[in-house]
Amino acid sequence: MDKPQFISFFYLIRAVLLRSVTYARSYSYTCYPKSPDFTFRMSDQPLVTHIFTADPSAHVFNGKLYVYPSHDVATDIQDNDNGDQYAMEDYHVFSMESIGGPVTDHGVALSSSDVPWVSKQMWAPDAAEKNGKFYLYFPARDKDGIFRVGVAVSDKPEGPFKPEENYIKGSYSIDPASFVDDDGEAYLYFGGIWGGQLQCWSSGEFKADEYEVDGEKEPKTGPALLPRVARLSEDMLSFKSEVLPVEILDESGQLLAASDHDRRFFEAAWLHKYNGLYYFSYSTGDTHFLCYAIGTSPLGPFTYGGKILDPVLGWTTHHSIVEFNGKWYLFHHDTTLSGGKNHLRCVKVKEIFYDENGKIKLVS
């Protein structure tokens, strides 16, 4: 190009770079617009960088924010649809006094070597508090390679947690999410298709030959596979009800279709309560959205409400939603810390907002 064109090109690039820097600064932890119309108010930096973390479950206990994530580890296992590359072995617990403030790593709270029934793959956990005790719910493969859900107990939210000898009777699949309602009733949500094995439980019993049918790990027609929920016992260690499907409906009151991959449930169940309504949120898996549905009962049904988060860097997306100091936050993960390696992820946090109708605004 000639000199005038070069100079014009130079100033164009300079302007773009300056705009990018200004934009990045305006969305730091300490300087952001005050208008609720802006849905992205956090820095996009990982919560911690000294280890890889994913699947964050955030809760407020004793006035402090605690995060219970998976602990990703390096492996030579190649990525596959079974999820074998997610070879996690233990859990760390993190806490913070404020969003954007110092984060404390309380160390290993529970390890696979502590749990007699576990063979491998301690995936996404969750925690709950009731009657002065703290409970860590976690999925893992049993000695037969079947995913189950276990529970461990502690006197402190950071642990360490002592596991029960066996998994929760009647539990299966992955991604447990606990919810204790205002009346003290406690629930456990769970389920995940493909590598999470939910498709093997359609009859109520595990059938290995249903893991993949005609090359598919989920139905192609009819209603989508549904997540599960059960009421927890008073001591939080077992189910006191049968396991029930969690119905997610479209706007016309019909179950979401199996072919509707932009909206159907894949994994990562979460439940929170806002203004008296129950919000069931989840990941769509192979389309990489975080979505939510709203209901009037913790048992559902829930009507699809929209997306919370568009796809991020990395195959999986998994989250939690929590209120802390009068604001609502989305904890989620991506793979920016590892440069895009699917099994080496990092937890992040962003403030979220509701509109006047109680809809969650899409996080940008």
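The values are calculated or read from the model by the stated rules, or taken from the named source; none is laboratory data. Fair warning: this is a prediction, and the values are worked out from it, not measured in the lab. Quick reminder, even Gly has a Cβ in these numbers, built from the backbone with ideal geometry, and neighbours come from all protein chains shown.
Does region 146-168 contain at least one residue that is out of contact with any helix residue (DSSP H, G or I) (no Cβ under 6 Å at 6 or more places or on another chain), surrounded by fewer than 21 Cβ atoms within 10 Å (Cβ to Cβ) and modelled with pLDDT under 95? No, there is no match, as no residue in region 146-168 is out of contact with any helix residue (DSSP H, G or I) (no Cβ under 6 Å at 6 or more places or on another chain), surrounded by fewer than 21 Cβ atoms within 10 Å (Cβ to Cβ) and modelled with pLDDT under 95. Restricting attention to region 314-329 and to residues that are part of a strand (DSSP E or B) and in contact with a His (Cβ under 6 Å, 6 or more places away or on another chain), the residue that is farthest from Q85 (Cα to Cα) turns out to be I321.
When each of V108, V103, V118 is tested for being of a type in the set (V, I, T), buried (at least 22 other Cβ atoms within 10 Å of the Cβ) and at pLDDT 95 or above, the lone residue that passes is V118. The residue of region 313-364 that is surrounded by the most Cβ atoms within 10 Å (Cβ to Cβ), among those that are among the small types (G, A, S) and touching a Gly at 6+ places or on another chain (Cβ under 8 Å), is G314. When region 322-364 is filtered for residues that are of a type in the set (S, T, Y) and more than 16 Å from the chain's Cα centre (by Cα), the ones remaining, listed by number, are T336, S338, Y354, S364. Looking across G191, G184, G196, one residue alone is at pLDDT 95 or above, within 12 Å of A124 (Cβ to Cβ), in contact with a Lys or Arg (Cβ under 9 Å, 6 or more places away or on another chain) and not hydroxyl-bearing (S, T, Y). It is G191. Scanning region 147-168 for residues that are of a type outside the set (D, E) and assigned to a loop (DSSP other than H, G, I, E, B), we see that the one that is nearest to L232 (Cα to Cα) is I168.
Taken together, the criteria place S203 among residues that are closer than 26 Å to F302 by Cα and over 17 Å from the mean Cα position of the chain (by Cα). Across region 106-149, the qualifying residues are those that are under 17 Å from the mean Cα position of the chain (by Cα) and touching a residue at least 60 places away in the same chain (Cβ under 8 Å), and the one among them that is farthest from G83 (Cα to Cα) is A128.
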